[in-house]
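First up is the structure itself, then whatever we jot down about it.
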């Protein structure tokens, strides 16, 4: 790659090789379940292992999308001796895209493009694995570039000295937002709820912030209302696993309660991402329920007595009425106007 990569000046866990990376018959994924306490990589030598890593939360937030793309490159390497390589790849695409149910449709877009490129390479007698490796890197470049535009629109909403609250791990947009704000000469302080049970806010978001020289404070998940009521926060932001066309937001459980508090105390809530035209509303979304035993542990240590039960809905549903704007690579949209995202011919995009 001759040009400057889109991940330049970002924190360690946002660098391409530390998200997911295919090389020499294996996909290497930073284990976000233990970072930053431990810097450990899971090495997957089959695409099934990549799917398991996605399902087991080895990689989270946007990480599974990139893992799926690199997993398809690994599947192409695996199928080199198959009697029907394309059938093998179709099976791999389904397994990778459906590793977690809530994001299956977006994952299918990635594995579907990989299949199309693989088919063209196969017909041309080209190396399918190399073709899909190049696609995986291209995908990262393309998505990071789009996220940088998104971060730019959000950064424009920040005052010169701002305090923002986050939820869970918004992946690349957090790093891009801090990079862009710094370039604009703005000072950003971050407040990160910890995001139980995997502590993505404490371990991942806060790590990105501190590595990019941002003043960051971690709070527990029962503190957002107290902090928002103090008047110290200028803006609340989160990413979204699904943005429905009616403005409904599906994101890490806990998003709804923070959005409710933000609305109560006059703090604007901006969601980053792009709408999913296949999801008209929550009726089209499968809310994933994970093993409830995860909430009974804290960093791998049991916190409850035997017999105590746990409940773990991975996502909750935030109505568009609580959202100030949806920040995309094409501008900021009101939740009621998301259809305009897909119709640039209508003229200038709105600014919510």
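Things worth noting here:
- Qualifying residue in the range 249-256 (condition: out of contact with any strand residue (DSSP E or B) (no Cβ under 6 Å at 6 or more places or on another chain), assigned to a strand (DSSP E or B) and either assigned by TED's automatic domain parsing to the domain that holds residue 188 or buried (at least 16 other Cβ atoms within 10 Å of the Cβ) (or both)): yes
- Residues of the range 103-134 that turn out to be closer than 28 Å to residue 250 by Cα, in a helix (DSSP H, G or I) and in contact with a helix residue (DSSP H, G or I) (Cβ under 8 Å, 6 or more places away or on another chain), as a count: 10
- Output for the range 257-290, where each listed residue is under 25 Å from residue 156 (Cβ atoms) and either part of a loop (DSSP other than H, G, I, E, B) or free of Cβ contacts under 8 Å to residues at least 12 places away in the same chain (or both): 265, 266, 267, 268, 273, 274, 275, 276
- Residue 289 vs. criteria buried (at least 17 other Cβ atoms within 10 Å of the Cβ) and outside the structural domain of residue 109 (by TED's automatic domain parsing): no
- Looking only at the range 13-33, and only at residues there that are loosely packed, with under 15 Cβ neighbours inside 10 Å and modelled with pLDDT of 95 or more, the one that is farthest from residue 207 (Cα to Cα): 25
- Qualifying residue in the range 292-311 (condition: in contact with a strand residue (DSSP E or B) (Cβ under 7 Å, 6 or more places away or on another chain), surrounded by 13 or more Cβ atoms within 10 Å (Cβ to Cβ) and part of a loop (DSSP other than H, G, I, E, B)): no
- Failed condition for residue 143, given (1) surrounded by fewer than 20 Cβ atoms within 10 Å (Cβ to Cβ); (2) touching a helix residue (DSSP H, G or I) at 6+ places or on another chain (Cβ under 8 Å); (3) at pLDDT below 95: (3)
- Helices (runs of 4 or more DSSP H) fully within the range 1-100 that include at least 1 residues being closer than 27 Å to residue 181 by Cβ and in contact (Cβ under 8 Å) with a residue 40 or more places away in the chain: 16-19, 63-78.
The values are calculated or read from the model by the stated rules, or taken from the named source; none is laboratory data. Model, not experiment: these values are computed from the prediction. Cβ coordinates were reconstructed from backbone atoms using ideal geometry, including for glycine residues, and neighbour counts include every protein chain displayed.
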